[in-house]
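> Just passing along the structure, written as C-alpha cells.
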Amino acid sequence: MSLNGLDAASYQSGLDIAEVPGDFAIIKATEGINYDNPTFSGHVKQTLVAGKKLGVYHFIRNDSDIKEQADYFLAKVKPYIGKAILALDFENTTGSTIQNQAGVGLAKQWLDYVYGKTGVRPLLYTGISCENSLDWSSVVKANYGLWLAQYNLDKVVNGYAPRDLYGSLKHWKSMVIFQYASVGRLSGYSSDLDLDVFYGDEAAWDKYAKATKVPEMDNPAMNPSGAKWVKENKSYTLKTAVKLRTAPSTSADVIAVLSIGETVNTDQAIIQGGYRWVRQPRSHGYGYLATGPASNTLEYVETSASHAYYEVVSGDSWWSSAQQYNTDMNKLAKMNGKTIETEIYPGDKLLVK
C-alpha cells in the first residue's frame, strides 16, 4: 500500500491543503538559522484539520552552524515531534553550495543531532544525481531513510500518478518517499505542486514519525542530576587516545580518534552519563569528548592551567599526601574525583595543585 501527498513551501502561499486531494503534506519549516517559512503554521493547520498525515522539513545550508540550524528547526516544530515525519532538505541554493562530500558530513551531523535530541530518525531529501554521485554510506549505515526527488522532465502531471524511477539508487536499497513531479496539478489549486508517494500505509508513516529511542534530553540515565552545560574556555592536552563524538554520549557516532599529546580547545563542559564531557567548536558544528569518568573527571587529559602531580609511594595515605602539600585530605581526594575511603596505591598520580 502507498499514500499520495505533496510538499509545500512559501511558493504555495495560496494553497489550502484541506481543499486538494491527498493523504499527507510535508511542509517547509525553516532554513539556515534565520528563515521561518511564513506559510508554515497555516499549512500545518490545514493538514491536521483535514486529517492528513504531516511531515516537516529543514533546508540545510553550509554557511551557518549545524547545531544552531538543528536547534532552530526543533524550536519551530516542537509541537509536532512524535506526530510528524522529520526531514532534512539537502540542496544547493544561493550562498550555500552543500551538495559535495563535505556537505554529506554536515548533513550527517544535523541528522545525528536531531535524532539524539528527539529520538526520531529524520529522512534525508535529495535528488537522484546527488544520491548517485556522493558517498552516503555513513548516512545509510546510520539507518536514515531517503526521500528522493526526480522530476518528470518538467512535464505536467495531472493528479497523483506515481511512476518508476528513471535509473537506480546507488546507496540506499529503497526510498521511503519519492517526489516524482514538480509540475503537478491537483483539483482545488491552479498552480504547480510537487507530488510525492509514500511507500507504506498510515501505520508505517506513524512509525517514521515516532521516536525509536528515548531522547537524550529526556533520558534520566544520560543526565540523572539534571546537570547543565557551563561555559569553559580551556585547552586540554590528551594523556591517552580519546574518541571525539557527535554528541556527549558513548553511543554517539565517532568523528575521529584523537591521539596522545593532541591539544583540544573547548568552550563548554558538563557531567552526564557517567563522564565529564567537553565541547570542541569545529567548522560548522561541534565535537564532544570525555575528559574522564565521573569518578576522576580529568583522567584522560591535562589542562592548560598550571597543575602539579604527586606520585604515590609505598606507605602513603590521603592524610600523609595532604600534609606534604599543606592541604586537607578531603579536599585533596575531591580534587582527584575520589573520597578518602578510596584506596591509593604506589604509582598513582594525584593532582595536588
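The values are calculated or read from the model by the stated rules, or taken from the named source; none is laboratory data. A quick note: this is a predicted structure, and the numbers were derived from the prediction, not measured. FYI the Cβ positions are ideal-geometry reconstructions off the backbone, even for glycines, and counts take in every protein chain you see. Please note that ligands, DNA and RNA were not included when accessible areas were found on the heavy atoms of the full protein model with its side chains. Shrake-Rupley method; radii C 1.70, N 1.55, O 1.52, S 1.80 Å.
> Do any residues in region 166-193 that are surrounded by fewer than 12 Cβ atoms within 10 Å (Cβ to Cβ) have Cβ atoms under 8 Å from those of residues that are part of a strand (DSSP E or B), where the two are at least six apart or on different chains, and which pairs are they?
174/146
Yes/no matrix, rows are residues, columns are (1) surrounded by fewer than 18 Cβ atoms within 10 Å (Cβ to Cβ); (2) aliphatic (A, V, I, L, M); (3) at pLDDT below 80; (4) within 20 Å of the chain's Cα centre (by Cα):
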| residue | (1), (2), (3), (4) |
| --- | --- |
| 250 | yes, no, no, yes |
| 272 | no, no, no, yes |
| 275 | no, no, no, no |
| 288 | no, no, no, yes |
| 320 | yes, no, no, no |
| 331 | yes, no, no, no |
| 334 | yes, no, yes, no |
| 345 | yes, no, yes, no |
| 348 | yes, no, yes, no |
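> Does residue 152 qualify as being over 31 Å from the mean Cα position of the chain (by Cα) and either open to solvent by less than 40 Å² (accessible area, probe 1.4 Å) or farther than 22 Å from residue 1 by Cβ (or both)?
Here the answer is yes, as residue 152 does meet what is asked.
> Please go through region 26-59 and give me each residue that is farther than 18 Å from residue 81 by Cβ, under 21 Å from the mean Cα position of the chain (by Cα) and β-branched (Val, Ile, Thr), ordered by number.
Residue satisfying the conditions is 33 alone.
> Only one residue in 159, 145 is at pLDDT 95 or above, more than 27 Å from residue 109 (Cα to Cα) and open to solvent by less than 70 Å² (accessible area, probe 1.4 Å), so which one is that?
Values: 145 fails: more than 27 Å from residue 109 (Cα to Cα).
Every option except 159 fails the conditions.
> Which of the residues that make up region 1-27 are part of a loop (DSSP other than H, G, I, E, B) and open to solvent by 30 Å² or more (accessible area, probe 1.4 Å)?
1, 2, 13, 14, 16, 21, 23
> Would you mind stating whether residue 48 is part of a helix (DSSP H, G or I) and either of a type in the set (Gly, Ala, Ser) or open to solvent by 10 Å² or more (accessible area, probe 1.4 Å) (or both)?
yes
> Only residues that are β-branched (Val, Ile, Thr) and under 22 Å from residue 206 (Cβ atoms): list them for region 21-47, please.
Selection gives 26, 27, 44, 47.
> Also: Kindly indicate whether residue 30 is hydroxyl-bearing (Ser, Thr, Tyr), open to solvent by less than 60 Å² (accessible area, probe 1.4 Å) and assigned to a strand (DSSP E or B). Walk me through it before giving the result.
On the way: hydroxyl-bearing (Ser, Thr, Tyr): yes; open to solvent by less than 60 Å² (accessible area, probe 1.4 Å): yes; assigned to a strand (DSSP E or B): yes.
So residue 30 passes the test.
> Would a scan of region 235-247 turn up a residue that is under 23 Å from residue 111 (Cβ atoms), touching an Asp or Glu at 6+ places or on another chain (Cβ under 6 Å) and open to solvent by 40 Å² or more (accessible area, probe 1.4 Å)?
Checking region 235-247: not a single residue is under 23 Å from residue 111 (Cβ atoms), touching an Asp or Glu at 6+ places or on another chain (Cβ under 6 Å) and open to solvent by 40 Å² or more (accessible area, probe 1.4 Å).
> Further question on the same structure: Considering each of 283, 314, 295, 304 in turn, give the residue that is of a type in the set (Gly, Ala, Ser) and at pLDDT 80 or above. Break it down into steps so the answer makes sense when it comes.
Values: 283 fails: at pLDDT 80 or above; 314 fails: at pLDDT 80 or above; 304 fails: at pLDDT 80 or above.
None of the other options fit; the residue is 295.
> A follow-up question, please. Please name all residue pairs, on different chains or six or more residues apart, with Cβ atoms under 6 Å, provided the first residue is in region 332-343 and is outside any loop (DSSP other than H, G, I, E, B) and the second residue is at pLDDT 80 or above and loosely packed, with under 15 Cβ neighbours inside 10 Å.
333/339
> Residue 310 - would you say it is in contact with a Phe, Trp or Tyr (Cβ under 6 Å, 6 or more places away or on another chain), part of a strand (DSSP E or B) and in contact (Cβ under 8 Å) with a residue 40 or more places away in the chain?
So residue 310 does not fit the description; no.
> Considering only residues that are more than 14 Å from residue 123 (Cβ to Cβ), of a type in the set (A, V, I, L, M) and open to solvent by less than 30 Å² (accessible area, probe 1.4 Å), which ones fall in region 76-111?
98, 104, 106
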